[in-house]
1. Give me the extension gain from residue 123 to residue 78: residue separation times 0.36 nm, minus the current Cα-Cα distance, reported in nm with one decimal.
2. If you take the Cα atoms of segment 7-126, find Rg, then find the Kirkwood Rh from the mean of 1/r over all pairs, what is Rg/Rh?
3. Kindly provide log₁₀ I(q)/I(0) values, in the same order as q = 0.15 Å⁻¹, from the Debye equation applied to equal alpha-carbon scatterers of segment 72-113.
4. Once you keep just the Cα pairs under 8 angstrom separated by 6 or more residues, what percentage relative contact order results for the chain?
5. Simple spin-label model, 7 Å along Cα-to-Cβ: residue 41 to residue 25 in nm?
6. Treat the count of other C-beta atoms within 10 Å as a stand-in for reagent exposure and order 1, 83, 114 from fewest to most.
7. Roughly speaking, what is the stretch gain from residue 6 to residue 108, that is 0.36 nm per residue apart minus the C-alpha to C-alpha distance, in nm to one decimal?
8. Go ahead and estimate [θ] at 222 nm for the chain from helices alone: -39,500 (n - 2.57) per DSSP H run with n ≥ 4, summed, over the residue count, rounded to 500.
């Protein structure tokens, strides 16, 4: 499912992205994105996994469909494993990232997508769909 990102939805995405970015203090570790036992919702300190799962939870709690709000494992331009939230949107995917206070098109992040949650089953990770 792709969302039509109108001003109301864009405001929700921005509020959640910035709110979570400010609400969690970076812990400086670079845990593996596949190390799911370390994923916690709403911690005071955490790595990119904590930011991403907290944002995804808040967006789904706010009414967005799970098929359009996906965790994505990426590699940054400097070669670091990283976790973000990808919003499946008409006109192109959007990235919610703890390294950026703004919502940007995924294609502008400079990240290499390794895998993301399936739109049919969030327990399944796929290269893309």
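Coordinate-derived values only; no laboratory data. All values derive from a computational prediction rather than experimental measurement. Every residue, glycine as well, gets a Cβ built from its backbone with ideal geometry; the counts of neighbours run over all protein chains shown.
1. On the way: separation 45, 0.36 × 45 = 16.20 nm, distance 2.82 nm.
Net length gain for the segment: 13.4 nm.
2. On the way: Rg = 13.0 Å, Rh = 14.1 Å.
Result: Rg/Rh = 0.92.
3. -0.30
4. Computed over the chain, the figure is 24 percent.
5. In this crude label model, residue 41 to residue 25 measures out at 2.4 nm.
6. Details: 1 11, 83 23, 114 15.
If I rank by nearby Cβ atoms, fewest first, I get 1, 114, 83.
7. Values: separation 102, 0.36 × 102 = 36.72 nm, distance 1.98 nm.
Here the segment from residue 6 to residue 108 would lengthen by 34.7 nm.
8. Working: 2 runs with 31 residues, N = 129.
Using -39500 (n - 2.57) per qualifying helix, the result is -8000 deg cm²/dmol.
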